[in-house]
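Undergrad: The structure is given below, and queries will be raised subsequently.
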Amino acid sequence: MIDWINVLIQAGVTALYLFLAIVIGLLFLGIGRKVTARIHNRVGPPVYQNFIDVGKLLAKKTNIRHNWIFDFAPLFGLAGVLLTLAYLPMGGYRLLSGEGDLILLLYVMVIPALGFALGAGASSNPNAGVGVMRALTLMLSYEMPFLLVLLSIMILYNTASLDVLLSKQMHFAWAIAMLPLSALAADMALQGMMMEKPFDIPLAPHEIASGPMVEFGGKYLGMLMLYSAGSVIVETTLFVDLFLGGGVVLDPATYGILAYVVNYLVWFLLIFVVWLIALFINAVFPRFRIEQAFKFYWKWPTIIAAIGLVQAYIMSAFLGVMP
Amino acid sequence: MIAVHPVLLIAIPLFFAFLLPLIGLFSKKVLKYVVTGTIALNTIIALLVFREALNSPIFDILGGFKPPLGIVLMVGPLGGFIALIINMAGLIISIYGMEMKKEPLVKYYMLSLLLLMGANGMVLTGDLFNLFVFLEVTSIASYGLAAYNKDLKGFEGALKYVILGSIGSTFVLIGIALIYSQLRTLNMLDIATRLNEMDPYVKIVAFTSLFLGFGVEAEMFPLNTWVPETYDGAPHSVSAMFASMSAKAGIFALARVIFTIFAFTNYLWFVVIMGVLTVFFGEIIAYAQRDIKRMLAYSSIGQMGMILMGLGIGTTMAVEGAFFQMFSHAMAKALLFIAAGYMIYATQTEKMSEMKGIGRNPLIGIPLLIGILSILGMPPFIGFYGKFYILMGGFSEGYYAIIALFLAASLVEVAYYARFIKIAFEGGGKRYPSPKATVYIPLLLFAVIIVIFGVYPKPIFEILSHVTTFLTGGV
Amino acid sequence: MEINLLWGVFGIFVLLPLAGSILSYLGKKFAIYIGIIFALIPTIMLYPFYAQNISELINIGVNINLVFDTTTWFFMLMIDTVAFASFLFAISCVKKKPEGFASLMLLSLAGANGVLMSRDFLSLYIFWEMMSWSAYLLILRSSGEYARRYLLFGILSAYFIIMGIGIFYYYTGSFLFSDSAGIPLMGWFWILFFLVVGFAVKMAVVPLHVWAPYAYSSEPSFVSFFSGGLSKLGTFGILMGMYGIAGLSILQGFGTFRDVSLFGYPFALLGAFTAFIGTILAIFQDDLRKLLAYSSIGQLGYVMVGLGLGTPLAVSGALFHAFNHAFFKSLLFLGAGAVIYRTGKYKISEMGGLGYRMPFTFLFVLFAIFALAGIPITSGFISKWMLYEAAIEKKFVIIAPLMLIASVGAFLYSFRILYGVFLGQLDKPYENIKEAPLPMLVAMGILMLPLLIFSIFPGWILEWIDDIMKSTGVGTIDYNTYSYYSSIGGANMLVLWIAFMLVFIVAMLIFLMKKARKVDQYDNYLAGESPPYVQLHAAHNFYKPLRDTWAPLLKYSIDRAYEKLSRFFVEGFEEIKKIYTENPQDYAAYLGIAFLLFLFIGWWLL
């Protein structure tokens, strides 16, 4: 018999986590603008600027649409990113991550991107098509090292479930200590995943007018901003969950609710650090062309990730390291 | 006791062959019907003889002498079966032959009846010397028919056939002479029982001579060099006759030399190798051909090589396959030669590359496809069973490498037939005259036989169950 | 009693389509409708025959064994359904000689069903060849050249199979699968090798795939049956060969590497490379049909991985993926067919924007693409998941990344189809294009349903697969109605669906708060430069940057290697042809030489 009350509480908490995640995401975007501006020796907008932007965009009266497929972008984008967040443990809280594993997460992560790409494609703007093409090519590029990294972790920790992975990291050691090379490769891949410089060619505001986003305005753009806020959290959390133990420092089994609060704060700190690193790289680097990005990813990060994979393989298969 | 005399199979064509010039004096139009009628009669007799032979082998002694000395007809179930195939193919081809316009028609019909008679004789006789006589009759009729077109190609082909054929016949004669010199008998069964009395070296020479002599007729490598040019130069119906009648008679004679007379079992691998070489060279050179009839001729070589292989493998299964293959090849190759005849007539060229879209007429296209698929050994057409049985027989004897080579050659066969089909069914060709009844009726008849016995091969297999006795030296 | 039942089953699934084949040929104008009826009856009759286990030895001179069990049933379910959908589709699109189409389709359906029912090599081979040549003739309807390429490889596959059969026959003297006792390990190796390679040709495993892009470029309504249905016979054959006839214990007798047979592992590796190469090549195709063909090659590579690995999870993943592939790839080919039917073009770069005019076609194709790419709201995800986890739980560090990166590549070509054909700018000539005719839509709808249903209830199909696993002795899998597990993870589809619905409602609520105004497609932001006369559909050479980076590798082509090989052979043939000099003196000399040679051999033998 399903315990309905428990399920409802679970759902409520999940909703809260998702809401917080989006809020944090918007905040991060604001911080990002500020930090980048400071590095560029500009003043920059206030950190809450993105909240204002989203509010304004969602409240706009004039909204332009092209056709019904165009609507896929905000709908699938936002829904998909929320779904992805639901499958990611944040601060050790499992949400839905017990009901699906890393592979599922990997594919759920595609839903918002695909929806976005569909909507962008439907806009009939050639810039959007070019942008999506670049985004997909970039995806093929960074997925190569990233998948190798995922594989190393799954092989070393012998699990594909994020939930189990977090507890194993908590009891054993964070993956960044076990597989430093993989972590390095993953961070490189993360830069592409977030489409920050030097891999922001799919957006390339000065060249193809923000690429896929070019035709969106009003509520469409507002929802897409929520989507990108969510994506920031997804990507940073993914890294934190994979390599930094998801910020889990206290075992919820012994410390109860306190553990969740502490873990959440640690998680927040960690994703902030990851985000800041990405921002710093973003602020000082120029842009790769897409084929350069492809070549880069399939060369250095892939080699590093492959070495990491060999390391994980040796540790797991020959040295018998069994977290 | 004997309801139908097997000698009729030889006598009727012979009689009508010499009657034809007389009939020709009165009316030339009636000739073709007489010929078809004769062959139809012969086919019916062949059927009756065959039914008779299924019960028990027929030994018919001519001239009143007892077996060791006299001339003997010896019709086993298999002999009857091959005779039936030959007559049936002859009948259907004669329908196509009705179309023949080129004079002198009398000679054409006469020679074709003689060819039929010779082939029948080769299959039915139980006597080595008669075998030689009938071989000569067949050959001479064939020489005449090969040159019937009276053009350069025809003469060239016929001349080569004459040269090789006569050398082959000479070899046969030498073999017979050697055997006679040692055993003083020409009856096959008699020879078989007394074979041990022969000097082994003489035996080898005799066997080699016979093997080689009949090999010429049976299109064995490297004695088949006459085949392409002769088939190419001959009229289309004659090519069909060569492929389905004289070649079958030749290979059956060869089979009898191998199994009935010499009862070789130790050296059969040699026959297998000759067979696979025949397949190999036949198919490969067929691929390199540009003319349709030459391609079919080489393909015919390949098929005959397969039969030879089946005979050489020598297990019941493989020999059953070989006999089945004789049947299927007789039907399918005759079909293809007739179809080729139409195509050459319709396109005015022999070049395959200029036959675009010729098969788009279903009256030609469907029989053509059925024939080719059968040759390629696809179920449920008759070509499948022969090939499959030969292969399985080969496997059970452990001839892996040889079969792999054979399959590789078959793949080449697939390649050139597919190339031909591609051209024949290509769009954008010219409009061709639609085939006459004399063309499509034989085609459809062959196609129907191919499909019916392909779907329901049981009767054939029942006949072929007699292979076991054949293999152990029986009739 | 039982023999009657077997003949009943044989009658329904093999003889009935055969009869239909003749009838529909006579039916001329109504051929397709007759075809539909005769394809529908077996499809419907599958329902009452679920979970039957009928087996009968029949003596037709040699013993043959016809069986109807869950394996047969499962494969028939895909093939017959796909055949039915293809027929429905054909109503509106096959105009040229429909009687030939219908009768050949039914013939190959009968052949396919026959293959699935046979548990002995003789009937297997007969039905296999029947299926093979009728497919050949169907391709011949569109192009002789494509047909030729197919036939060569089809026969190659048949000859490989026959080598396997022959060696089996050598050891056992029987054609029955069950008579496999007493074959030495070396014998097993060759039998399985030839069988697996032979069947792999039908699955278009690299490097035996070169026929597929051509064969799949023929009539769409046939190709969907061909790629969706008939290629699954390869899967069936390999499943039967490796697990039905030989069985795990013999496979493991070759030695194991982490519980995976050393015999299967190279094939799994080959499958992973196939997945990768097929995907990469698909990305760069501009011809819609060729793109789908390469994608098909890639997807069947996944199936090959599963069959090669041979753990319960892997094999069931392979079967599930084959099932999914049957449906989504036929659906995609039908979608492509509908688009080609309406536009008359088949180059992606010449289309664009058709999704606005053909919304249902677009939606069906979109769903199929979700399944192809493995988006979790379709069953296509589950099978891929099973294959990945199977490779990862056994720590195969070459196979797993190849498969994973190939599936990322699948996103690329999927989007190519979606964007190039259905999205982007609608070109002038297509302004008034109509939605695909109703039968086409119904056909596509039928094919979509299983992909949707089994994504919510994977347990239903996994139950059938589990049955097959048990009967072949591979093992069991861990699943329930909504979820499925490997040793390292698992997923619950119901939770996913509910969560997706909920968040979608949230997004919908936000979205519906404000109304939007529709504008013309030319009302675009183009930074002030809007040339109205230039086609602005950016679909030509879509992945050019990627192509440029791959160019040094793409230069090596297996197609061209085959062409070189064939040229080498043809030149060799021309040389060999010179033996026949056309000079009678030479010929006479041959005769003499042969005589001497024979004599020598004869004397030597004495």
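Every number here is computed from the coordinates shown, using simple stated rules; none is lab data. Bear in mind the structure is a predicted one, so any value in this text is a computation, not a measurement. Every residue, glycine among them, receives a Cβ derived from its backbone with ideal geometry; neighbour counts consider all protein chains shown.
Undergrad: With θ taken as phi - 60° and the coefficients 6.51, -1.76 and 1.60, list the Karplus ³J(HN,Hα) couplings across the stretch B:181-189 in order, rounded to whole Hz; mark glycine and proline as x.
TA: 4, 8, 10, 6, 8, 10, 6, 4, 5
Undergrad: Run the dipole for chain C about the Cα centre, Lys and Arg Cβ at +1, Asp and Glu Cβ at -1, nothing else charged, and hand back the magnitude in debye, nearest 20.
TA: Values: 38 positive and 34 negative charges, 310 e Å.
In total the dipole reaches around 1480 debye.
Undergrad: Using only Cα atoms, locate the centre of the stretch B:205-264 and the centre of the stretch B:283-307, then give the distance between them in Å, rounded to an integer.
TA: A separation of 15 Å, based on Cα centres.
Undergrad: Two decimals is fine: what's Rg over Rh for the stretch B:265-475, C-alpha atoms, Kirkwood radius as Rh? Can you show the working numbers first?
TA: Working: Rg = 17.6 Å, Rh = 17.4 Å.
Taking Rg over the Kirkwood Rh, I get 1.01.
Undergrad: What size of dipole, in debye to the nearest 20, comes out for the protein assembly as shown about its Cα centre when the only charges are +1 on Lys and Arg C-beta atoms and -1 on Asp and Glu C-beta atoms? Don't skip to the end; give the middle numbers.
TA: Values: 85 positive and 74 negative charges, 699 e Å.
Here the size comes out at about 3360 debye.
Undergrad: Here is a follow-up. Apply the Karplus parameterisation 6.51 cos²θ - 1.76 cosθ + 1.60, with θ equal to phi minus 60°, to every residue of the stretch C:46-54 and state each ³J(HN,Hα) to the nearest whole Hz, in sequence, with x for glycine and proline.
TA: Ordered by residue, 3J(HN,Hα) equals 4, 4, x, 8, 5, 6, 7, 9, 10 Hz.
Undergrad: Return the ratio Rg/(2.2 N^0.38 Å) for chain C, where Rg is computed over Cα atoms only. Can you show the working numbers first?
TA: Details: Rg = 26.0 Å, N = 606, 2.2 N^0.38 = 25.1 Å.
For chain C, the normalised Cα radius of gyration is 1.03.
Undergrad: In addition: Collect residues whose amide H, placed 1.01 Å from N in the peptide plane, falls under 5 Å from the amide H of A:Ile64; neighbours closer than 5 in sequence don't count.
TA: A:Gly217, C:Arg517
Undergrad: Compute for the stretch B:92-229: radius of gyration divided by Kirkwood radius, i.e. Rg/Rh, restricted to C-alpha atoms, rounded to two decimals. Can you show the working numbers first?
TA: Details: Rg = 17.1 Å, Rh = 16.2 Å.
Result for the stretch B:92-229 is an Rg/Rh of 1.05.
Undergrad: Let me ask something else. Looking at the stretch B:370-465, what % of the alpha carbon pairs are farther apart than 23 Å? Present the calculation step by step, with values, prior to reporting the outcome.
TA: Working: 1965 of 4560 pairs.
The answer is 43 percent, as a whole percent.
Undergrad: When B:Thr193, C:Thr274 are ordered from fewest to most other Cβ atoms inside 10 Å of their Cβ, what list results? The partial results should precede the final answer.
TA: Numbers: B:Thr193 14, C:Thr274 30.
Fewest-to-most ranking of B:Thr193, C:Thr274: B:Thr193, C:Thr274.
Undergrad: Looking at the protein assembly as shown only, what percent of DSSP beta bridges run antiparallel? Nearest 5 please. Please report the intermediate quantities before stating the final value.
TA: Details: 25 of 27 bridges.
Among the beta bridges of the protein assembly as shown, antiparallel pairing accounts for roughly 95 percent.
Undergrad: Please identify the longest segment of chain C free of exposed GluC sites (Glu not before Pro), where exposed means a DSSP state other than H, G, I, E or B and no more than 10 other Cβ atoms within 10 Å. Numbers along the way, then the final one.
TA: Values: sites that count: C:Glu431, C:Glu529.
With GluC sites (Glu not before Pro) excluded where exposed in loops, chain C gives C:1-430 as its longest stretch.
Undergrad: Can I ask one more? Placing +1 at every Lys and Arg Cβ and -1 at every Asp and Glu Cβ, with all other atoms neutral, what dipole size does the stretch C:352-461 have around its Cα centre, in debye to the nearest 20? Please report the intermediate quantities before stating the final value.
TA: Working: 7 positive and 5 negative charges, 26 e Å.
In debye, rounded to 20, the stretch C:352-461 gives about 120.
Undergrad: Can you give the mean number of other chain Cβ atoms that lie within 10 Å of the Cβ atoms in peptide B:409-417? Spell out each step's value before the answer.
TA: On the way: counts 0, 4, 6, 4, 1, 9, 8, 1, 2.
Across the residues of B:409-417, the mean count of other-chain Cβ atoms within 10 Å is 4.
Undergrad: Taking each residue of B:153-164 in turn, how many C-beta atoms of other protein chains fall within 10 Å of its C-beta, and what is the average? Show your work: numbers first, answer last.
TA: Values: counts 0, 0, 0, 2, 1, 0, 1, 5, 1, 1, 5, 5.
Taking the mean over all residues of the peptide, I get 2.
Undergrad: Assuming 1.306 mPa s and 10 °C, estimate D for the stretch B:245-308 with Stokes-Einstein, Rh taken as the Kirkwood radius over Cα pairs, in µm²/s. List each step's numbers first, then the result.
TA: Details: Rh = 12.5 Å.
In µm²/s, the coefficient rounds to 127.
Undergrad: Quick one: Kirkwood hydrodynamic radius for the stretch A:4-318, alpha-carbon pairs, angstrom, one decimal? Mind showing how you got there, number by number?
TA: Values: mean 1/r = 0.0499 Å⁻¹.
After inverting the mean inverse Cα-Cα distance, the result is 20.0 Å.
Undergrad: Whole angstrom only: what separates the Cα centroid of the stretch B:89-114 from the Cα centroid of the stretch A:136-175?
TA: Cα centres, the stretch B:89-114 to the stretch A:136-175: 83 Å.
Undergrad: For the stretch C:560-605, which semi-axes, largest first and in whole Å, follow from the square roots of 5 times the eigenvalues of its Cα gyration tensor?
TA: Numbers: eigenvalues 220, 56, 3 Å².
For the stretch C:560-605, the semi-axes come out at 33, 17, 4 Å.
Undergrad: What are the principal axis extents of the Cα atoms in the stretch B:86-126, in Å, biggest first?
TA: Computed over the stretch B:86-126, the largest-to-smallest principal extents equal 38, 19, 7 Å.
Undergrad: Further, regarding this structure: Per residue of C:383-392, how many C-beta atoms from partner chains lie within 10 Å of its own C-beta, taken as a mean? Kindly include the intermediate steps, with their values, before the conclusion.
TA: Details: counts 0, 2, 7, 1, 0, 8, 5, 0, 1, 9.
Whole-number average of other-chain Cβ neighbours for C:383-392 is 3.
Undergrad: Counting other Cβ atoms within 10 Å, which trypsin sites (Lys or Arg not before Pro) in the stretch A:5-69 have at most 13 and lie in a DSSP loop?
TA: Numbers: sites: A:Arg33, A:Lys34, A:Arg38, A:Arg42, A:Lys56, A:Lys60, A:Lys61, A:Arg65; in loops: A:Arg42, A:Lys60, A:Lys61.
Counting only loop positions with at most 13 other Cβ atoms within 10 Å, the trypsin sites (Lys or Arg not before Pro) in the stretch A:5-69 are A:Arg42, A:Lys61.
Undergrad: Using amide H atoms built in the peptide plane, which far-off residues or other-chain residues are under 5 Å from C:Asp478 H to H?
TA: C:Tyr485
Undergrad: Another question about this same structure. I need the phi-derived Karplus couplings for the stretch C:258-271: 6.51 cos²θ - 1.76 cosθ + 1.60, θ = phi - 60°, integer Hz, Gly and Pro marked x.
TA: 6, 6, 10, 4, 5, 6, x, 4, x, 5, 4, 5, 4, x
Undergrad: Please work out the Cα center distance from the stretch C:31-90 to the stretch A:72-107, rounded to the nearest Å.
TA: 42 Å
Undergrad: Let me ask another. If we count other beta carbons within 10 Å of each Cβ, what is the order of A:Thr36, B:Thr43, C:Thr311, A:Thr62, fewest first? Each step should come with its number before you reach the end.
TA: Working: A:Thr36 18, B:Thr43 21, C:Thr311 24, A:Thr62 11.
Arranged by neighbour count, lowest to highest, A:Thr36, B:Thr43, C:Thr311, A:Thr62 become A:Thr62, A:Thr36, B:Thr43, C:Thr311.
Undergrad: For the protein assembly as shown, with equal point scatterers placed on the C-alpha atoms only and solvent neglected, what are the log10 I(q)/I(0) values from the Debye formula at q = 0.06, 0.07, 0.08 1/Å, to two decimals?
TA: -0.62, -0.79, -0.95
Undergrad: Still on this structure, please answer the following. What residues have an amide H closer than 5 Å to that of C:Thr256, excluding those fewer than 5 places away on the same chain, when H is modeled at 1.01 Å from N in the peptide plane?
TA: Close amide H contacts, sequence-distant or interchain: C:Leu262.
Undergrad: Taking the beta-carbon count within 10 Å as an exposure proxy, list C:Met358, B:Met309 from fewest neighbours to most. Intermediate results must be reported in sequence, preceding the final value.
TA: On the way: C:Met358 26, B:Met309 30.
Starting with the residue having the fewest Cβ neighbours, the order is C:Met358, B:Met309.
Undergrad: Right, here's the next one. Any chance you could list P(r) for chain B, counting all Cα-Cα pairs in 10 angstrom bins from zero, rounded to whole %?
TA: Reading upward from the zero bin: 4, 22, 34, 27, 11, 2, 0.
Undergrad: With contacts defined as alpha carbon pairs under 8 Å and 6 or more residues apart, what's the relative contact order of chain A in percent?
TA: 28 percent
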